[in-house]
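Below you'll find the structure, written out as structure tokens, and then a few comments.
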Amino acid sequence: MSVPGSAKGGVMAEGSGFLGGRIPVEIDAMARHIRDLDKELFRKILKAVVSAVEGKDCRDLMRSIAENSDVPEDRLSLIVAGMYSLLKEALRLPTSSLKQEVFKDDLRELRISEEFITDFASVVFGNRRAALEAAYTHQQPRLPSIEDLQWRVDVAISTSSLVRALQPSILMRMKLSDGKIHQFEVPISKFQDLRYNVALILKEMNDLEKRSILKIQD
Amino acid sequence: MHLMRIIKYFIWLTLYNFELCIEKHTPLLNECAGCVTVYITSCIKEAVTYINAIDINKFTRLLSRIFQRVHLKEESLFSKEEEEKLQSALSLEKQALSLVLETVSFIIEQAVYHNVKPAFLMQQLENVHLQTDKAEAFSQAWASAGPDTIHMFRQKIFAPKKLDHVGWCLNLQMGQSTQAKQKAPCATLEFAVSSEDAEGPERVFVQFNHQELLEFYNKLEIIQAQLDSLT
């Protein structure tokens, strides 16, 4: 049999495609168990899995699904695990490298029915994608970023060393995303230093993004 | 030693005010004229005697050295070995040397505080009976090194925490556990914040992506605009 649009043909059995060298066990198991699943139930499970991928707590949702359906628990857990893995793998690749058609073809190779494939594709390539990616950026390991920056410019009129000083200085208060608050004074020379360095980094970033060597197409 | 400084300060202030009175021709003039000479203490007299005995070239070199280090509050002007060398070079005893150094740094600090002109400084030094050549050397040294010294004193700010140093590194993030094939530039800034009582600087690391860095830069530009409007 030849599947239209797929250059891979029967190669899927060896597991090429976006899932990599070997199809993960849970996805294979899910593909088998999902065949005789009711469409409504499938949609409910898909919704719960999507909210889990976003990082939300979906235990109540899963509990209600488990109680209201007559699917045995071990089968349900296999389905859920498989769907979660599948979605995570698909979302890992950026849309420029994994095209919708290729994704659908790969799923057809797993012998998942068409309407389920459409549902999967709408999650991975639809409007939810941006929200899912935003959720990812918060989950990744990273150093704290600035949540809030407050500042104040002071002028020292007179000090114990000088009767007329008239020296400006800056007081900064940085609130970081891990909750710590740092308050410190910045002398004017250091402030100019900071400004210069930030401008330099911005210029380097712009150059980096424009360089053609990085337009590595996959 | 601190008490001596306060006493000297009062004398100096009186002398300075006396000078102001003369310039403004106020009625205080006649009353002040009598009281000036009484207030010069033995400390300054003694120091002046010692200074007058020093060779003029050595004195000039000593002055320039002191000017370089007078703004460093925490460290003393000379190390122990240097003090011993000075003692033999100027043929002064330990007590005499420390008195001379103290007096010279005190005069400089007062000159900085009131931002005096070199001519006025020379006159004041002559009033306390410093030799003319020494007073001239002093006022010349003040004319050349004075503005820099004032500038260094002006830069000293004290605050619980102060930004010492900013370091940065720019990375290109190629991938992470949840996303493959990324090309996201990511900058890490290190703020070395030192405080008065802590041992070393506290290092604060902050990460920025392109958008966040742009917002940070815009905030810095607003601050700069405020600074510009001050001048």
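The values are calculated or read from the model by the stated rules, or taken from the named source; none is laboratory data. None of these values were measured; they are calculated from a predicted model. Glycine gets a Cβ as well: all are built from the backbone with ideal geometry, and neighbour counts include every protein chain shown. These area figures cover heavy atoms from the full protein model, side chains too; ligands, DNA and RNA do not enter into them. Shrake-Rupley method; radii C 1.70, N 1.55, O 1.52, S 1.80 Å.
Below is a table of values for the structure above.
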| item | result |
| --- | --- |
| Top-ranked residue in segment B:195-211 [being facing chain A (nearest Cβ under 7 Å) and farther than 15 Å from A:Asn206 by Cβ; ranked as surrounded by the most Cβ atoms within 10 Å (Cβ to Cβ)] | B:Val206 |
| Members of segment B:103-151 that are under 15 Å from the mean Cα position of the chain (by Cα), closer than 20 Å to B:Ile51 by Cα and of a type in the set (D, E, K, R) | B:Glu109 |
| Members of segment A:159-208 found to be of a type in the set (Phe, Trp, Tyr) and either within 7 Å of chain B (Cβ to nearest Cβ) or crowded, with 16+ Cβ neighbours inside 10 Å (or both), listed by number | A:Phe184, A:Phe191 |
| Boolean, B:Ser229 is more than 30 Å from A:Leu132 (Cα to Cα) and either in a strand (DSSP E or B) or not hydrophobic (A, V, I, L, M, F, W, C) (or both) | yes |
| Whichever residue in segment A:142-158 is at the interface with chain B (Cβ under 8 Å from one of its Cβ atoms) and part of a strand (DSSP E or B) and, among such residues, is surrounded by the most Cβ atoms within 10 Å (Cβ to Cβ) | A:Ile146 |
| Residue list for segment A:30-39, filter: closer than 17 Å to A:Met62 by Cα and assigned to a helix (DSSP H, G or I) | A:Met30, A:Lys39 |
| Members of segment B:160-188 that are closer than 17 Å to A:Gln183 by Cβ, in a strand (DSSP E or B) and free of Cβ contacts under 8 Å to residues at least 40 places away in the same chain | B:Lys162, B:Leu163, B:Asp164, B:Val166 |
| Those residues of segment A:159-188 which are assigned to a loop (DSSP other than H, G, I, E, B) and over 21 Å from B:Gln224 (Cα atoms), in sequence order | A:Thr159, A:Ser160, A:Ser161, A:Leu162, A:Val163, A:Arg164, A:Ser177, A:Asp178, A:Gly179, A:Lys180 |
| Any chance B:Val116 is at the interface with another protein chain (Cβ under 10 Å from one of its Cβ atoms) and open to solvent by less than 50 Å² (accessible area, probe 1.4 Å) | no |
| Conditions (1) facing chain B (nearest Cβ under 10 Å); (2) in contact (Cβ under 8 Å) with a residue 24 or more places away in the chain; (3) open to solvent by less than 40 Å² (accessible area, probe 1.4 Å); number of the one not met by A:Gln139 | (3) |
| Sole residue being at the interface with chain A (Cβ under 7 Å from one of its Cβ atoms) and touching an Asp or Glu at 6+ places or on another chain (Cβ under 6 Å), chosen from B:Ala159, B:Ala192 | B:Ala159 |
| Segment B:56-90, residues that are surrounded by 12 or more Cβ atoms within 10 Å (Cβ to Cβ) and not in a helix (DSSP H, G or I) | B:Val70, B:His71, B:Ser76, B:Leu77, B:Phe78 |
